[in-house]
């Protein structure tokens, strides 16, 4: 079994912080702030370096472990179920307000909202089913990525009016407004993680030890971002386009993640011993727990102040307070966890 790496923890830790700030922006801030240049930058930072990154790392480690089909399948079901339970928890205030008659909404779209835990659970079940094929053929994952891209294009304008089928189809492809991370196209990212794991096992990256090569790569990365900035922002600042993107943006994201991972890896080697970086890696080590806690806090507060915050300073305070609260509650739960594990 592959051990966790400091670079992966650092990547996930940074992603947690970027995720919290984008959730606050999307749910607390008035549209004027969201649509501003700053808002678009925040949406970008909460885009490619977060959900796609999580899923690539998820795919990488799903193939690297030695778990059986049953273990992977059951874990996938648990992750999916956790996602549904989290939807209920983060929308508890909303559900309560609806039953009290304060608002009138379709609760099912919130309970069965297709978020990243549901995506991770379904992805793991799919990987469990095809793991023998993936292990025998190093190019199978690339063929599957192409298949997912093709199916994404074919279903782009496919609409289903039948209500029960609409909820089911929302997990597969995204025409419903509660389908944030459907299998099409998001399965591409864990599959890319699978491919990268196989590629990593066959080829070393020893050439990255040469400083001149790294300088060339970083200059190329800067040029790449500069030249594609407007295209990328046009996707990440329009949430429907981001959640239901197509092949060109997927290619952009995997290129970005390659450069970005190299940058974070070098950053960890330089300042990995500092308290700040140790804290970030601690966040990455407990990513699922922190993810759940921050959503429980943000989701229930959002029912009261949904898109009403117009002060940037207040938004900064919300970010600081919710981050501290999420980390504090995570730390407390980790402290008491061993007591619940005792017989």
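The values are calculated or read from the model by the stated rules, or taken from the named source; none is laboratory data. Since the model is a prediction, treat every value here as computed from it, not as a measurement. Here the Cβ positions follow ideal geometry from the backbone for every residue, glycine too, while neighbour counts run over all protein chains shown.
Any residue at all in region 198-205 that's crowded, with 19+ Cβ neighbours inside 10 Å and in contact (Cβ under 8 Å) with a residue 40 or more places away in the chain?
yes
Looking at (1) over 30 Å from residue 266 (Cβ atoms); (2) outside any helix (DSSP H, G or I); (3) within 26 Å of the chain's Cα centre (by Cα); (4) modelled with pLDDT under 90, can you tell me which one residue 171 breaks?
Every condition holds for residue 171 apart from (4).
Can you tell me which residue in region 155-179 is surrounded by the most Cβ atoms within 10 Å (Cβ to Cβ), limited to those that are under 14 Å from residue 122 (Cα atoms) and touching a helix residue (DSSP H, G or I) at 6+ places or on another chain (Cβ under 6 Å)?
173
Looking at 191, 184, 217, 208, which one is farther than 25 Å from residue 38 by Cβ and in contact (Cβ under 8 Å) with a residue 60 or more places away in the chain?
One residue alone meets the criteria, 191.
Name, by its number, the condition in (1) surrounded by fewer than 21 Cβ atoms within 10 Å (Cβ to Cβ); (2) in contact with a helix residue (DSSP H, G or I) (Cβ under 7 Å, 6 or more places away or on another chain); (3) under 28 Å from residue 277 (Cα atoms) that does not hold for residue 117.
With respect to (1) surrounded by fewer than 21 Cβ atoms within 10 Å (Cβ to Cβ); (2) in contact with a helix residue (DSSP H, G or I) (Cβ under 7 Å, 6 or more places away or on another chain); (3) under 28 Å from residue 277 (Cα atoms), residue 117 is out only on (1).
Which of the residues spanning region 246-271 are surrounded by fewer than 17 Cβ atoms within 10 Å (Cβ to Cβ) and farther than 30 Å from residue 91 by Cβ?
Across region 246-271, the qualifying residues are 247, 248, 251, 255, 258, 259, 263, 266, 267, 269, 270, 271.
Determine if region 62-73 includes at least one residue that is touching a helix residue (DSSP H, G or I) at 6+ places or on another chain (Cβ under 7 Å), under 30 Å from residue 276 (Cα atoms), modelled with pLDDT of 95 or more and surrounded by 20 or more Cβ atoms within 10 Å (Cβ to Cβ).
Scanning region 62-73 turns up no residue that is touching a helix residue (DSSP H, G or I) at 6+ places or on another chain (Cβ under 7 Å), under 30 Å from residue 276 (Cα atoms), modelled with pLDDT of 95 or more and surrounded by 20 or more Cβ atoms within 10 Å (Cβ to Cβ).
Just need a number here: residues in region 189-216 that are more than 30 Å from residue 243 (Cβ to Cβ) and in contact with a helix residue (DSSP H, G or I) (Cβ under 7 Å, 6 or more places away or on another chain).
4
Scan region 13-37 residue by residue and report those that are under 22 Å from residue 249 (Cβ atoms) and in contact with a helix residue (DSSP H, G or I) (Cβ under 8 Å, 6 or more places away or on another chain).
14, 15, 18, 19, 21, 22, 23, 25, 26, 34
Return the residues of region 241-259 that are over 23 Å from residue 60 (Cβ atoms) and in contact (Cβ under 8 Å) with a residue 12 or more places away in the chain; say none if nothing qualifies.
Selection gives 244, 246.
Can you confirm whether region 63-74 contains a residue that is within 18 Å of the chain's Cα centre (by Cα) and at negative phi?
Checked region 63-74: no residue is within 18 Å of the chain's Cα centre (by Cα) and at negative phi.
Regarding region 139-154, can at least one residue be identified that is part of a helix (DSSP H, G or I), touching a helix residue (DSSP H, G or I) at 6+ places or on another chain (Cβ under 8 Å) and surrounded by fewer than 15 Cβ atoms within 10 Å (Cβ to Cβ)?
For region 139-154, residues part of a helix (DSSP H, G or I), touching a helix residue (DSSP H, G or I) at 6+ places or on another chain (Cβ under 8 Å) and surrounded by fewer than 15 Cβ atoms within 10 Å (Cβ to Cβ): present.
Among the helices (runs of 4 or more DSSP H) confined wholly to region 1-59, which include 3 or more residues that are buried (at least 22 other Cβ atoms within 10 Å of the Cβ) and at pLDDT 95 or above?
Those helices (runs of 4 or more DSSP H) span 6-28.
Could you count how many residues in region 157-168 are part of a loop (DSSP other than H, G, I, E, B) and within 22 Å of the chain's Cα centre (by Cα)?
Residues meeting the conditions: 0.
Conditions tested, residue by residue: (1) at pLDDT 95 or above; (2) in a helix (DSSP H, G or I).
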{"site": "176", "(1), (2)": "no, no"}
{"site": "189", "(1), (2)": "yes, yes"}
{"site": "207", "(1), (2)": "no, yes"}
{"site": "215", "(1), (2)": "no, yes"}
{"site": "230", "(1), (2)": "no, yes"}
{"site": "233", "(1), (2)": "yes, yes"}
{"site": "251", "(1), (2)": "yes, yes"}
{"site": "262", "(1), (2)": "no, yes"}
